[in-house]
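**Q** Quick one: this structure, given as structure tokens, is what I'll be asking you about.
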Amino acid sequence: MEFLLELLFEIFGEFILQFVFEAISQAFLHLFKRPGRPEPGGVVSAWWAVAGYALLGMACGALSVWLLPHFFIHSHLARLVNLAVTPVLAAGAVALLGRRRSRRGLGVVRGDRFAYAYVFAFAMGAMRFAMGDAG
């Protein structure tokens, strides 16, 4: 039961943080976007985006440890399994929502793709795993 609670908390917590981050980033991008100017792209820009999502995930993980310093799961092995499984599930959910937004013609950001969402979720979970107190 504790494993399930931790899993649900991390999935929904990461999903909510991703939603808030996207809303803020869309607001700022809209302010600075020039009409007729193409979106930035390329390999260098993708690496910067990965680094940004990783840093944001680490910051959110540290914040979550500050808010909830104790694990719901006390077994070290179960926490490792949780660290491996939860980012995949969270990124999959975010990617499905991104695909739905794309089909509706709504704006899509990099965080709507599985890889970027996975980087964010894994960094958040890894920071929580590294900083958290087992009890």
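**Q** Fully extended, how many nm does the chain gain between A126 and V50 (0.36 nm per residue separation, minus their Cα-Cα distance)?
**A** Between A126 and V50, full extension yields 25.8 nm more.
**Q** Also, quick follow-up: I'd like the distance between the alpha-carbon centres of the range 62-82 and the range 92-135, rounded to an integer number of Å.
**A** If we compute the Cα centre of each part, the gap is 18 Å.
**Q** Continuing with the same structure: May I ask you to evaluate 6.51 cos²θ - 1.76 cosθ + 1.60, the Karplus curve with θ = phi - 60°, for each residue of the range 67-74 and list the ³J(HN,Hα) values in order in whole Hz, giving x for glycine and proline?
**A** For the range 67-74, the Karplus-derived couplings read 6, 10, x, 9, 6, 7, 9, 9 Hz, x marking Gly and Pro.
**Q** Given labels modelled 7 Å from the Cα in the Cβ direction, how far is it in nm from L96 to H70?
**A** 3.3
**Q** Can you sort R113, R103, R128 from fewest to most other Cβ atoms within 10 Å of each residue's own Cβ?
**A** R103, R113, R128
**Q** State to the nearest 20 debye the size of the charge dipole of the range 50-115 about its Cα centre, where the only charges are +1 on K and R beta carbons and -1 on D and E beta carbons.
**A** Numbers: 8 positive and 1 negative charges, 88 e Å.
The calculated dipole for the range 50-115 is roughly 420 debye.
Every number in this text was worked out from the coordinates using simple rules, so none of it is lab data. What you see is a predicted model, and the numbers here were worked out from it, not measured in a lab. When we count neighbours, we look across all protein chains shown, and the Cβ atoms used for this are built from the backbone with ideal geometry, even at glycine.
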